[in-house]
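Before any comments, here is the structure.
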Amino acid sequence: MDIQKLKGLVELLEVLNGEAAEADVSGMVGKYVIVRCRDAGVHAGKLESHSGRGCTLAESRRLWYWKPANGAAFLSGIAAEGLDDSSKLGSEVRIHLTENCEIIECSSQAEESIRGLKSYET
């Protein structure tokens, strides 16, 4: 068997088993981010740590209903522009999230917008 094909097969099996190398987000530790999870929804907070597909956020708020500000689109629009006032957020908590799909660094404008919205729960 061709060794390159064998290496390709091993890489494919690692991806299927969730063992493939994860993106290096160590430069985002300590920064305000948005995290989209497979089963836990969308959260925004300070990235404390990251390992594989899990991370821990401090000062985290769950985005129950979100709409980007200034006509932006998608979660990357929230990370750049912040949230529209019609968005609904949970109270701040420290949380460990698993099965992360993406981690997006927020602009200072977005962080201020997210932190400034009143909790939907109160």
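A few points about this structure:
- Label-point separation in nm, Ala73 to Arg38, each point 7 Å along Cα→Cβ: 2.7
- A Förster distance of 30 Å, applied to the separation of the beta-carbon atoms of Asp24 and Arg94, puts the FRET efficiency at 0.80.
- The phi-based Karplus calculation (6.51 cos²θ - 1.76 cosθ + 1.60; θ = phi - 60°) puts the 3J(HN,Hα) values of region 69-81 at 7, 6, x, 5, 10, 6, 5, 5, x, 5, 4, 8, 9 Hz, whole numbers, x for Gly and Pro.
- Other-chain or far-sequence residues with amide H under 5 Å of Cys106's (modelled H): Tyr32, Val33, Ile34
- Residues whose placed amide H lies under 5 Å from that of Glu48, excluding near-sequence neighbours: Gly30, Thr56, Leu57, Ala58
- Once both labels are positioned 7 Å from their Cα atoms along Cα-to-Cβ, the gap between Cys101 and Ser49 label points is 2.6 nm.
- Remark: region 31-48, residue by residue, has Karplus-estimated 3J(HN,Hα) of 9, 7, 9, 10, 10, 9, 10, 5, 10, 9, x, 10, 9, 10, x, 7, 6, 8 Hz, where x stands for each Gly or Pro and the curve is 6.51 cos²θ - 1.76 cosθ + 1.60 at θ = phi - 60°.
Every number in this text was worked out from the coordinates using simple rules, so none of it is lab data. Being a predicted model, the structure only gives us computed values, none of them experimental. Note that each Cβ is placed from the backbone with ideal geometry, even for glycine, and that neighbours are counted across all protein chains shown.
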